[in-house]
Amino acid sequence: QDVMDIEVKPKPSRPHWYERHVQPCVAELLGTALFIFMGCLSVVEDSGGTGRLQPALAHGLALGVTVAVLGDI
């Protein structure tokens with residue numbers, strides 16, 4: 001009877017090919033586009049006296065907002 005009491009756990013299913021291949025590529029593409037866009041805008045709208053601080057803050061803010069919004073994914 002001890003042999004009969006063994007529970008068989010189902011194998012976890014493998015993720016779909018889209019989740020394995022396409023989603024990481026799309027996420028990388030969107031992240032790169034966001035940082036390039038934010039970096040270019042922060043340099044174009046440079047107010048003169050900020051130097052390297054404004055692009056650094058723009059990238060940090062973009063990263064912070066992205067993590068806050070998409071952190072659960």
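The values are calculated or read from the model by the stated rules, or taken from the named source; none is laboratory data. Only a predicted model underlies this, so the values are computations on that prediction, with no experimental measurement involved. Cβ placement follows ideal geometry from the backbone for every residue including glycine, while neighbour counts extend to all protein chains displayed. These area figures cover heavy atoms from the full protein model, side chains too; ligands, DNA and RNA do not enter into them. Shrake-Rupley method; radii C 1.70, N 1.55, O 1.52, S 1.80 Å.
Output the qualifying pairs, or none if there are none: Cβ atoms under 7 angstrom, residues six or more apart or on different chains, first residue in segment 1-29 and within 21 Å of L70 (Cα to Cα) and in a loop (DSSP other than H, G, I, E, B), second residue among the β-branched types (V, I, T) and modelled with pLDDT of 80 or more.
Close Cβ pairs satisfying both conditions: none exist.
Can you name every residue in segment 50-64 that is more than 23 Å from the chain's Cα centre (by Cα) and part of a helix (DSSP H, G or I)?
L53
For segment 22-36, which residues satisfy the criterion of being open to solvent by 80 Å² or more (accessible area, probe 1.4 Å) and at pLDDT below 85?
Residues satisfying the conditions are Q23, E28, L30, I36.
Any residue in segment 52-70 that is closer than 17 Å to A33 by Cβ sitting within a Cβ distance under 7 Å of a residue that is surrounded by 11 or more Cβ atoms within 10 Å (Cβ to Cβ) and among the aromatic types (F, W, Y)? List the pairs, counting only those 6 or more apart or interchain.
Note: pairs meeting the criteria are H59/F35; A62/F35.
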